1. With the checklist (1) farther than 15 Å from residue 126 by Cα; (2) within 14 Å of the chain's Cα centre (by Cα) in hand, flag the one item residue 6 doesn't pass.
2. What residue, among those in the range 9-60 that are aromatic (Phe, Trp, Tyr) and at pLDDT 90 or above, is surrounded by the most Cβ atoms within 10 Å (Cβ to Cβ)?
3. When the range 61-93 is examined, which residues are found to be in a helix (DSSP H, G or I), open to solvent by 70 Å² or more (accessible area, probe 1.4 Å) and either in contact with a strand residue (DSSP E or B) (Cβ under 8 Å, 6 or more places away or on another chain) or not β-branched (Val, Ile, Thr) (or both)?
4. Just need a number here: residues in the range 91-128 that are over 15 Å from the mean Cα position of the chain (by Cα) and at pLDDT 80 or above.
5. So, residue 64, is that one of a type in the set (D, E, K, R) and either in contact (Cβ under 8 Å) with a residue 60 or more places away in the chain or closer than 17 Å to residue 10 by Cβ (or both) or not?
6. If you take the residues in the range 95-109 that are part of a helix (DSSP H, G or I) and in contact with a helix residue (DSSP H, G or I) (Cβ under 9 Å, 6 or more places away or on another chain), which one is least open to solvent (accessible area, probe 1.4 Å)?
7. Of a type in the set (Phe, Trp, Tyr) and in contact with a Lys or Arg (Cβ under 8 Å, 6 or more places away or on another chain): which single residue out of 41, 82, 66 fits that description?
8. Taking interchain pairs and intrachain pairs at least six residues apart, which have beta carbon atoms under 6 angstrom, with the first residue in the range 119-131 and without any contact (Cβ under 8 Å) to a residue 40 or more places away in the chain and the second surrounded by 13 or more Cβ atoms within 10 Å (Cβ to Cβ) and part of a helix (DSSP H, G or I)?
Amino acid sequence: MNRKYPYQVWLTSISIAPLFLILLVAALGGQGINAGIFFLFLYFVFFGAAFSLPTLFIFYLASKEFVYTSVSDNIKKLLLSFIAIAAMCFTFYIIMGKDAFTTKDDFGITIPASYAVSIMLSAFMYNLRRD
């Protein structure tokens, strides 16, 4: 097993998701990229890292267990992604309540969706096995 895999996925996902959010906000809001955007990015990365530590722990344990299964690496990555997304949704539910998944306001489902997409992308970017 690639022992760095859970950490690589975690670090990549918490840094890609804020980029998705910032680009989406800039595109929908008609705003340009300015210096405040950089601080918003740092804010999202810092708090994303802090609040996602339990998800990292669950993802790490699951990835250690999946080493012993006989399914393909792509199936393992898909299952690990679903586990991480479920843990991420639970975290958002604890922090924001059911409003985290609403479609009534501008950014309800947008934040969890951007993190879910970044988890899926980053899970498939790295190798589960050592090279």
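1. All conditions pass for residue 6, except number (1).
2. My answer is 59.
3. 61, 64, 65, 74, 79, 82, 90, 93, listed by residue number.
4. Qualifying residue count, the range 91-128: 6.
5. yes
6. Selected residue: 100.
7. It is 66.
8. 120/81
The values are calculated or read from the model by the stated rules, or taken from the named source; none is laboratory data. The model shown is predicted, which means the values in this text are computed figures rather than measured ones. Glycine also receives a Cβ, built like all others from the backbone with ideal geometry; neighbour counts cover every protein chain displayed. The area values use the complete protein model at the heavy-atom level, side chains included, leaving out ligands, DNA and RNA. Shrake-Rupley method; radii C 1.70, N 1.55, O 1.52, S 1.80 Å.
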